[in-house]
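Heads up, the thing below is written out as structure tokens.
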Amino acid sequence: MRLILITLLLCATAYALEADVINQGNITLLALVENGTSQSGSVAVLELEIRPGKERVYLETYPLTKITTQASLRFAQQIACKELDIDCSKYDFLFTIRAFPGIVGGPSAGGAATVLTSALLLNKTLDPKMAMTGTINSGGIIGPVGGLRHKLDAASAAGIKTVYVPKGLRVVEFQNRTIGLVEYGGELGLAVREIDTIHEILE
């Protein structure tokens, strides 16, 4: 009898927690992973749950991330709420990053986190075959990042079809030659789109 009561309580708690979720979704990140002294591109998944709360931002990662990544998610939430003119003071934001082993470094998840947060606040659905890399700056502007060739390779290997990158990063070095980023993506079967702001994606 006691075991049945415990099971029922656990089920009720799980249901209550699920019922508290206002909205949830995910976006594919293109990450630069550091393994010792080497770097490589990798695909990661950024998940977000918006729940009733006090505008707290939480991050859980598999594996670890650098402090810059954690700070960029907080900034992303602030930018999304400000740019959309939405009062987020009654929501909590629970981010989860799931990536392959290695330390995910840098603030390049900021742009994608802003787009994901904005989409959920607006109740929009993101294309599961799209990925994004870029920092986030005031005004919703997407800033430059490094390792784009590695990231495009990772996107192609993961079956991604469309990749959003910061505007102005038009060339990459590949096999002792300089080629356009859009051209290189085309060779990999990717549609590479340069963007200035998060609004371009949301539209």
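Key figures
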item: Of residues in the range 146-198 being among the polar types (S, T, N, Q) and over 17 Å from Pro107 (Cα atoms), the one surrounded by the most Cβ atoms within 10 Å (Cβ to Cβ); result: Ser156
item: Qualifying residue in the range 64-73 (condition: open to solvent by less than 40 Å² (accessible area, probe 1.4 Å), polar (S, T, N, Q) and over 18 Å from Asn137 (Cα atoms)); result: yes
item: Leading residue by the ranking (nearest to Arg193 (Cα to Cα)) among those in the range 151-181 that are at pLDDT 90 or above and in contact with a Ser or Thr (Cβ under 7 Å, 6 or more places away or on another chain); result: Val165
item: Residue, surrounded by the most Cβ atoms within 10 Å (Cβ to Cβ), within the range 26-63, restricted to residues that are outside any strand (DSSP E or B) and in contact with a strand residue (DSSP E or B) (Cβ under 9 Å, 6 or more places away or on another chain); result: Gly53
item: Filter pass, Leu116 being at pLDDT 95 or above, part of a helix (DSSP H, G or I) and open to solvent by 10 Å² or more (accessible area, probe 1.4 Å); result: no
item: Residue match in the range 40-59 (condition: in contact with a Gly (Cβ under 7 Å, 6 or more places away or on another chain) and at pLDDT below 75); result: no
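The values are calculated or read from the model by the stated rules, or taken from the named source; none is laboratory data. Just so it is clear, the model here is predicted, and its values are computed rather than measured. Glycine gets a Cβ as well: all are built from the backbone with ideal geometry, and neighbour counts include every protein chain shown. The accessibility values were calculated without ligands, DNA or RNA, using every heavy atom of the protein model including side chains. Shrake-Rupley method; radii C 1.70, N 1.55, O 1.52, S 1.80 Å.
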